[in-house]
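Some notes on the structure that comes next.
Since every read-out is calculated from the coordinates, none of them should be taken as a lab result. Not measured: the values here are computed from a predicted model. Heads up, the Cβs are rebuilt from the backbone with ideal geometry, glycines too, and the neighbour counts pull from every protein chain shown.
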Amino acid sequence: MLHGTNALGSAILAVVVSSGLALPSHAAEVGVDQLDLQFAPSSMTINAGDSVRFTNSDRIAHDITIVNPDGTSEDKGMNSYMVGIVVAFPRPGVYQVRCRIHSAMKMTITVK
């Protein structure tokens, strides 16, 4: 019986692959550090559906504000020492990340 189940699973996989249907991929979580009043790295490219974990390594608070490709912004809140804020990026586009407290802190996230 187990042999038949494996054959059926292989047959289904062959149909999915040959039909051009995509198998679901797993979203990634990538890290950005807030250190010395900077986002590190200052730019990155990720895939749609991925998330970014912003971790504050400074001993002062930072804000995470995302400026969307359409110009609207989303304040994700304050980020205190060694705390992470995770932000998902479900749609392609170029996003600007800012700290409202420290105007020089900026980065760009390109989502493909």
Tell me the label-point distance for the pair residue 29, residue 47, using the 7 Å Cα-to-Cβ offset, in nm and rounded to one decimal.
1.7
Chymotrypsin sites (Phe, Trp or Tyr not before Pro) within region 31-84, DSSP loop, no more than 13 other Cβ atoms inside 10 Å:
81
With DSSP loop assignment and no more than 11 other C-beta atoms within 10 Å, the trypsin sites (Lys or Arg not before Pro) in region 43-77 are 59
